[in-house]
Structures are given as C-alpha cells and as structure tokens.
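Down below is the structure, laid out as structure tokens.
The values are calculated or read from the model by the stated rules, or taken from the named source; none is laboratory data. None of these values were measured; they are calculated from a predicted model. Cβ sites come from the backbone with ideal geometry, for glycine too, and all protein chains shown count toward neighbours.
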C-alpha cells in the first residue's frame, strides 16, 4: 500500500497538477477566443527555459526563479497574441489554429537555437524523500509542486469569481456579443486571458522541468494530455480543466502499477496512451466533458 | 439611415429621433426593419448612408462599447443576460466602464426591480422570462444611460408580467432616461409612449404622437388587432 502511494499515487497527483495548470490555460483561451491553442505546450517549454536562465545567471534555486518564468511566459503569450493572432480575430477559427501551429514550431526552434538541444537540469544530486507518517514518504519536489499548484489554483479562483476582470472573462466566455454590448472592453479581456494562460503554462513548464529534466520538447510532449484534460473537464471550463488534469495525471501514473501481475499494467512508455484513451472515450461518451463545456 | 447585413439593405431610409425624457416606440410588421434600425443606431449594422447623432455629436460607426460610454444602452431581444453569471454579476458587468458608481447604481436598480435583490446570488439563466428581462434592463441601466433602447422587452411574456415590464419602463423614463422601444404589442406600447414611428419595408411610413396613432383607423387595422 505504501509503495502504491509513494511511487504511483503521489507522483500522479504532482503530474496531475502540472496538467491542470496547462489545461486551465487551454480551456480559458478556448472559452474567450474559441480556438485550440496548439502552441500552449511550447509556451510551457519557454517558461521552463526562462527559469533555467535565471537559475544559471543568478545562482538562485529554481523555486525563486518561478515568478520570473511566470512573468516571462505571460508577457510572451500576450506579445505573440498581439503580433500573430490579433489580425485573425474575425477570421474562421481554423486559421488561428494553424497560426498557433506555426507559433509552436517557431517558439520551439527559437528555444533550440538559444538554449541548445541537450537535456538540462535545474539542480544536480539526489534529494531523499521526506517521511510524512508511517511508510508514506513524499519527494520534496512533489510537495512543492502540489502546494504551489494549490496556491495558484486558489488565486485563479479568486480572480475569476471576485475581480472585475475575472468576471468580465466569464461574461465574455458566456456571450461575447453581449459583453461588447454591455460596454466591456473585449480586447482588454483577451489580453488578460493571455497573461493568465501564458503565466500558468510557464509555471506548468517549470514544474515539469523540476519533475523530470529539461529538453526542448518537454511542453510539446505534454500537449496531448493537456488537451485530454481540458476535454475531460469540458472545454472552456477552467475548473473542469483542473479536475481533468488531476484525473488524467493520476490515471497515467496509477495505470503503470502492477495491478494484475509482476509487470506494470500499462508499460510506462505508453503513459500518454492512457490520456489519449480517456480523451477518445470522453469524446464518444460525453463530448461536452464532465462540466458541460462546449462541443468541439 | 440606409444599410443592412452583407449585400442586402434592410433599411432603405429610416429616420428616427428620440428627445431626452421621451418614450418613443417603433411598430411595424415582421421584417419591416424595426430591430435592424435599433441595431444600426447601436453600431451593430453597417450603414451605407445616413448618420447617427447622439447628444449633438456624430457617432456613426462607433463601436458599441464607445457608445455605452457616451450614454447609450441597448437590450437585445434574445440572449440578453449572461446565463452562467449571477444576477449581481450581470449587473456589475453593466457598470464595467464605471466601476466607481457601482454601489450607487446597484441601489437604484434594486429599488426599481426589488425582485433582483432577492435573486442576486442566483445564476441569471435560472430565472423566469420576466425576471431575466429585468436583469437585462437592469444591466443596461447600470451604465447610467441617457438613452435606453429596448428590443421587444415583452416578447414571450404573459400579459401580467408584460404589464409589470411596461410599468417599470415608465418608471425608468420618469427617472429622466429617454427610451426607444421596439414592440409587437403595439397597443400597450403606444399607451405608455409619447410618440411612435410606423415602419414598413425599411422605410418610415407614419410618424405621430402615440395618442394619434392609437386613434388612427389604418394603424388600428394593421397593427392593433382591429
């Protein structure tokens, strides 16, 4: 039992938090701008590498570098929107989706040019897991990832339910035309959407880098589970994306537990297939997701 | 005003005016261009010719959120509340441009529509048709408009609720807000209005005081049910 919790469930929760942070951005962007943002994974990668540069340049711990990565990811997303997506505001959604595909390739290539293609790491050495109670042990990185995600999710909830701009975001997601008629500055809402989506993606990227190692396709590799999480929760529903992210993260890790024999039920190399399976099953069984999102 | 959607003109020459403190109603058969005329005033329909003037300045082609800032309010016929937002949040969104006056305007709207205060925490999508209409009107009032444009505010409501809405419209007007109203229920609408316009095939057909229109036998036959 302790082995299951220590090596499968808790790492699953940590991976789930990473997915949740990324999927919230995908869901928010879909809610406001009505398109699937394919470059989201590479915004995560950008955030992860920005944190790496701060760690190297200033000698800080990666956790201290996190706010800089969030800020960088937020501003970069807003800038990309301003230059690339904004001219397509009144174009059919598919054009923006393809544009985001282009952004994805450009961002990844830029990262490879600037930081190289080698696998990097925020810190060297091994940290011993911290005993919690009994045989339950928690890796320090998992504690921090989970705690930071909870704080970020709480801040997001406050923003969406209490702040004027957060309510305007929900209003625009509900009915963009009515938002315009009501006098809401919809372009300002769009800018805030990118700031938040990009900031959360950067945080997710840093956490992914902490959880494993840094490489230029770290975000791209997570894009499929992120979309699976957003769809599971109901696309356009940020709270759904949090639940979807946790569910997919835990499902992926727990699926590798040796449930039936000595061998893992699903070989670890096929973890992503679990996310894919959940996404396809959800689209067939209930295309609006758990939280009644929009049908894609 | 001349204009419409895409290549087709729906408005072939409509001329409307609302004075401050006036209730003006637009009546006409289906497809006469009543709603389109209202949308054109609010910058939602492309005008090919003509202009929109408000408070002495030319506002032709301005974006809706600029018009709200100048003091125009518009309540569309359908999809006029944020269904997933609470009543209170709907009203707050109406005051998006003027967050400083939020508390004062909320009080005014709650005085006008006391039922909204009771339902403040409920999602607007869960309310009855009449209450939803009140949320929509309240939302537009939150921006402190000088002119409020209502597109068929009583469509699909029971006679009793319709009566209440008309009565509230009069109360809004008495607070000093000009009102432009598109209505199917022409008789009731004219009975609260000062003046009326009759539109047909995108043109002005008749313009008169509301009382004169009510007495006009031709109007009686076509729009007031005999």
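Where the second residue is modelled with pLDDT under 90 and outside any loop (DSSP other than H, G, I, E, B) and the first is within 14 Å of chain A (Cβ to nearest Cβ) and more than 16 Å from residue B:97 (Cβ to Cβ) and lies in the stretch B:46-69, which pairs have Cβ atoms under 6 Å and are six or more apart or on separate chains? Here the result reads B:46/B:3, each pair linking the stretch B:46-69 to a residue that is modelled with pLDDT under 90 and outside any loop (DSSP other than H, G, I, E, B). Is it fair to say residue A:46 is modelled with pLDDT under 95, in contact with a helix residue (DSSP H, G or I) (Cβ under 7 Å, 6 or more places away or on another chain) and in a helix (DSSP H, G or I)? No, not satisfied. Kindly indicate whether any position in the stretch B:82-97 is surrounded by fewer than 15 Cβ atoms within 10 Å (Cβ to Cβ) and in contact with a helix residue (DSSP H, G or I) (Cβ under 8 Å, 6 or more places away or on another chain). Taking every residue of the stretch B:82-97 in turn, none turns out to be surrounded by fewer than 15 Cβ atoms within 10 Å (Cβ to Cβ) and in contact with a helix residue (DSSP H, G or I) (Cβ under 8 Å, 6 or more places away or on another chain).
Report yes if residue A:109 is out of contact with any strand residue (DSSP E or B) (no Cβ under 6 Å at 6 or more places or on another chain) and crowded, with 17+ Cβ neighbours inside 10 Å, otherwise no. So residue A:109 fails the test. Would you mind stating whether residue A:147 is at pLDDT 95 or above, within 13 Å of chain B (Cβ to nearest Cβ) and either surrounded by fewer than 20 Cβ atoms within 10 Å (Cβ to Cβ) or assigned to a helix (DSSP H, G or I) (or both)? Here the answer is no, as residue A:147 does not meet what is asked. Going by the conditions given, is residue A:126 surrounded by 17 or more Cβ atoms within 10 Å (Cβ to Cβ) and more than 19 Å from residue A:27 (Cβ to Cβ)? Spelling it out, it is not the case that residue A:126 is surrounded by 17 or more Cβ atoms within 10 Å (Cβ to Cβ) and more than 19 Å from residue A:27 (Cβ to Cβ). Criterion applied to A:231, A:184 was being buried (at least 24 other Cβ atoms within 10 Å of the Cβ) and either outside any helix (DSSP H, G or I) or within 14 Å of another protein chain (Cβ to nearest Cβ) (or both), and the one residue passing it is A:184.
Within the stretch A:117-144, which residues are part of a loop (DSSP other than H, G, I, E, B) and farther than 24 Å from residue A:63 by Cβ? Across the stretch A:117-144, the qualifying residues are A:117, A:134, A:135. Taking the stretch B:109-130 as the range and being farther than 30 Å from residue B:33 by Cα, touching a residue at least 40 places away in the same chain (Cβ under 8 Å) and either part of a helix (DSSP H, G or I) or within 14 Å of another protein chain (Cβ to nearest Cβ) (or both) as the test, the residues that pass are B:112, B:123. Output the residue which, of all residues in the stretch B:56-67 that are assigned to a helix (DSSP H, G or I) and in contact with a strand residue (DSSP E or B) (Cβ under 8 Å, 6 or more places away or on another chain), is surrounded by the most Cβ atoms within 10 Å (Cβ to Cβ). Per the stated criteria, the residue is B:67.
Residue B:135 falls short on exactly one of the conditions (1) exposed (fewer than 15 other Cβ atoms within 10 Å of the Cβ); (2) within 13 Å of another protein chain (Cβ to nearest Cβ); (3) not in a loop (DSSP other than H, G, I, E, B), and that condition is (1). Out of A:4, A:35, one residue alone is surrounded by fewer than 24 Cβ atoms within 10 Å (Cβ to Cβ) and in a loop (DSSP other than H, G, I, E, B). It is A:35.
When residue B:79 is tested against (1) assigned to a loop (DSSP other than H, G, I, E, B); (2) surrounded by fewer than 16 Cβ atoms within 10 Å (Cβ to Cβ); (3) more than 9 Å from chain A (Cβ to nearest Cβ), exactly one condition is not met: (3).
Among the residues making up the stretch B:85-103, those that are facing chain A (nearest Cβ under 8 Å), assigned to a loop (DSSP other than H, G, I, E, B) and over 17 Å from residue B:116 (Cβ atoms) are B:96, B:97. Taking the stretch B:185-203 as the range and being over 23 Å from residue B:141 (Cβ atoms) and surrounded by fewer than 18 Cβ atoms within 10 Å (Cβ to Cβ) as the test, the residues that pass are B:187, B:200, B:201, B:203.
Let's see how each residue does on (1) over 30 Å from residue A:121 (Cα atoms); (2) assigned to a helix (DSSP H, G or I); (3) at pLDDT 95 or above:
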site: A:191; (1), (2), (3): yes, yes, yes
site: A:197; (1), (2), (3): no, yes, yes
site: A:200; (1), (2), (3): no, yes, yes
site: A:221; (1), (2), (3): no, yes, no
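Any residue at all in the stretch B:144-151 that's buried (at least 22 other Cβ atoms within 10 Å of the Cβ), closer than 13 Å to residue B:90 by Cα and either at pLDDT 95 or above or within 14 Å of chain A (Cβ to nearest Cβ) (or both)? Checking the stretch B:144-151: not a single residue is buried (at least 22 other Cβ atoms within 10 Å of the Cβ), closer than 13 Å to residue B:90 by Cα and either at pLDDT 95 or above or within 14 Å of chain A (Cβ to nearest Cβ) (or both).
Residues of the stretch A:158-180 include none that is crowded, with 20+ Cβ neighbours inside 10 Å, within 14 Å of chain B (Cβ to nearest Cβ) and not in a helix (DSSP H, G or I).
Here residue B:25 meets the list (1) within 30 Å of residue A:162 (Cα to Cα); (2) modelled with pLDDT of 90 or more; (3) under 18 Å from the mean Cα position of the chain (by Cα) almost entirely, failing just condition (1).
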